[in-house]
């Protein structure tokens with residue numbers, strides 16, 4: 001798909017980190033970018049900087065998501081590309097030793113369910129609403145109507161201790177990709193996911209420098225954290241290259257995460 005001036009694109013989580021880098025990459029290619037996020041101040045600032053549109057959207061809320069799509073489409077037209085970067089999750093081990101009681105405490109089903117809703121269910125919510133709109137578009141070359149990219153994680157394949165919620169939910173995101181691509185194949189909508197490794201996002205950069213140095217040293221090559229713009233570059237290429245479909249792609253400097 002050619003990304004050019006007037007190509008409507010939606011990026012969730014576009015106020016910061018990987019989402020912001022993705023929004024900037026598409027805007028630099030000339031696209032009309034709408035940012036979905038709950039951070040009004042940062043989201044509006046990014047949207048203004050790239051000449052895009054900010055939509056306050058809570059990915060955990062169906063009505064909020066529907067309203068976001070309506071606002072974006074009213075301003076820019078039906079999106080051809082949707083890149084979903086936003087998420088909400090929880091940490092914690094299946095069982096953790098409680099020193100106060102001298103026994104083990106179980107991660108509650110409620111906490112697990114909340115994290116799955118913030119990662120896996122939200123990914124389906126965003127992707128399926130995007131697909132519903134894309135299905136009405138006029139087809140481009142090869143009959144293509146749209147492209148959807150979800151954000152998984154290397155934790156989908158090698159999650160660490162304490163990542164029971166995040167790892168399994170991100171594995172579920174990867175699991176969405178092929179059946180959804182097959183569901184949408186006759187409509188001409190492609191679906192892929194990116195599995196980022198350790199990236200220099202604002203959240204990650206809040207860690208102490210010795211921790212960041214250790215993490216960088218653990219990457220086989222290059223021995224550094226990933227740059228958000230490298231994620232944005234891949235997201236842009238997945239939209240442009242029409243033969244990418246049904247893929248779960250690691251972007252990680254060849255790292256394989258140890259148990260802890």
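Rule-based calculations on the coordinates, nothing more; no lab input. The model shown is predicted, which means the values in this text are computed figures rather than measured ones. All Cβ positions, even for glycine, are placed from backbone atoms using ideal geometry, and neighbour counts span all protein chains on display.
A few points about this structure:
- Between 16, 4, the distinction of being free of Cβ contacts under 8 Å to residues at least 40 places away in the same chain and under 24 Å from residue 192 (Cα atoms) belongs to 4 only.
- All helices (runs of 4 or more DSSP H) inside region 145-252 with 3 or more residues being within 14 Å of residue 123 (Cβ to Cβ): 164-183
- Each residue in region 1-20 was checked for being surrounded by 24 or more Cβ atoms within 10 Å (Cβ to Cβ) and over 18 Å from residue 133 (Cα atoms), and 6 of them qualify.
- The residues listed here are 112, 104, 124; of these, the one that is touching a residue at least 40 places away in the same chain (Cβ under 8 Å), outside any loop (DSSP other than H, G, I, E, B) and more than 19 Å from the chain's Cα centre (by Cα) is 112.
- The one condition from (1) touching a residue at least 60 places away in the same chain (Cβ under 8 Å); (2) buried (at least 17 other Cβ atoms within 10 Å of the Cβ); (3) out of contact with any strand residue (DSSP E or B) (no Cβ under 9 Å at 6 or more places or on another chain) that residue 238 does not meet is (3).
- Counting residues in region 86-95 that are outside any loop (DSSP other than H, G, I, E, B), surrounded by 12 or more Cβ atoms within 10 Å (Cβ to Cβ) and in contact with a strand residue (DSSP E or B) (Cβ under 6 Å, 6 or more places away or on another chain) gives one or more.
Let's see how each residue does on (1) within 17 Å of residue 12 (Cβ to Cβ); (2) crowded, with 19+ Cβ neighbours inside 10 Å:
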residue: 135; (1), (2): no, no
residue: 144; (1), (2): no, no
residue: 148; (1), (2): yes, yes
residue: 154; (1), (2): no, yes
residue: 159; (1), (2): no, yes
residue: 169; (1), (2): yes, yes
residue: 190; (1), (2): no, yes
